[in-house]
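Everything below concerns the one structure shown next.
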Amino acid sequence: QAKYLAQIILVGAQVVGRAFMRALRQEFAASQAAADARGRSERPQSAAASRITGISLQEAQQILNVSNLNAEEIQKNYDHLFKVNDKSVGGSFYLQSKVVRAKERLDEELRIQAKDEKEKGWKAET
């Protein structure tokens with residue numbers, strides 16, 4: 001009797017393990033497809049900045065609560081969120097670091113846009 005019970009438990013564990021691995025592979029594939037789609041929707045420089053900073057432009061805008069890339073609004077929201085998330089006032093270091101990363105990502109996007117505009121202006125002159 002104990003032998004059969006052990007076999008049933010073993011077979012059940014194998015079935016659950018296989019199902020878990022299959023679900024894990026499917027989730028990984030879906031994640032890769034979503035990342036590839038995001039990468040295709042952004043300009044190459046912007047996609048590279050997202051990979052380097054580890055945060056997408058959209059996520060950075062959500063964190064700092066900005067809908068367009070306005071340097072003054074970004075700085076104002078950054079200053080406020082950085083201050084309220086300071087650990088010395090009971091804030092969260094994790095959230096504060098997310099705010100810093102979001103600002104870095106948006107600053108990089110502003111630099112990319114400025115460079116693109118400068119190149120367009122230079123090409124229009126020639």
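Mind ordering 82-95, 21-34, 62-75 by average Cβ neighbours within 10 Å, highest first? Walk me through the numbers before you get to the answer.
Details: 82-95: 12.1, 21-34: 10.0, 62-75: 14.1.
Ranked by mean Cβ neighbours within 10 Å, highest first: 62-75, 82-95, 21-34.
What are the ³J(HN,Hα) values, in whole Hz, obtained from phi via the Karplus relation 6.51 cos²θ - 1.76 cosθ + 1.60 with θ = phi - 60°, for each residue of region 93-110 in sequence order, with x given for Gly and Pro?
4, 4, 5, 4, 5, 5, 5, 4, 5, 5, 5, 4, 5, 5, 4, 5, 5, 4
Taking amide H positions as placed 1.01 Å from N in the peptide plane, with prolines and chain starts having none, which residues 5 or more places from G91, or on another chain, fall under 5 Å of its amide H?
D86
Using label points projected 7 Å from each Cα along Cα→Cβ, tell me how many nm separate E59 and K83, to one decimal.
The modelled label-to-label distance comes out at 2.8 nm.
Read phi for every residue in region 65-79 and hand back ³J(HN,Hα) as whole Hz from Karplus 6.51 cos²θ - 1.76 cosθ + 1.60, θ = phi - 60°, with x for Gly and Pro.
6, 10, 9, 10, 8, 10, 4, 5, 5, 4, 5, 4, 5, 4, 4
Gain in length, L5 to M21, computed as 0.36 nm per residue apart minus the alpha-carbon separation, to one decimal in nm? Display every interim value, and only then the final one.
Values: separation 16, 0.36 × 16 = 5.76 nm, distance 2.43 nm.
Length difference between fully extended and current span is 3.3 nm.
Report the paramagnetic label zone for S31: residues of region 50-92 whose backbone N is under 20 Å from a point 7 Å from Cα along the Cα-to-Cβ axis.
Of the residues in region 50-92, 50-60 have backbone N under 20 Å from the label point off S31.
Where a number appears in this text, it was derived from the coordinates with a stated rule and is not lab data. Please read all numbers here as calculations on a predicted model, not as lab measurements. Cβ atoms come from the backbone with ideal geometry, glycine included; neighbour counts cover every protein chain shown.
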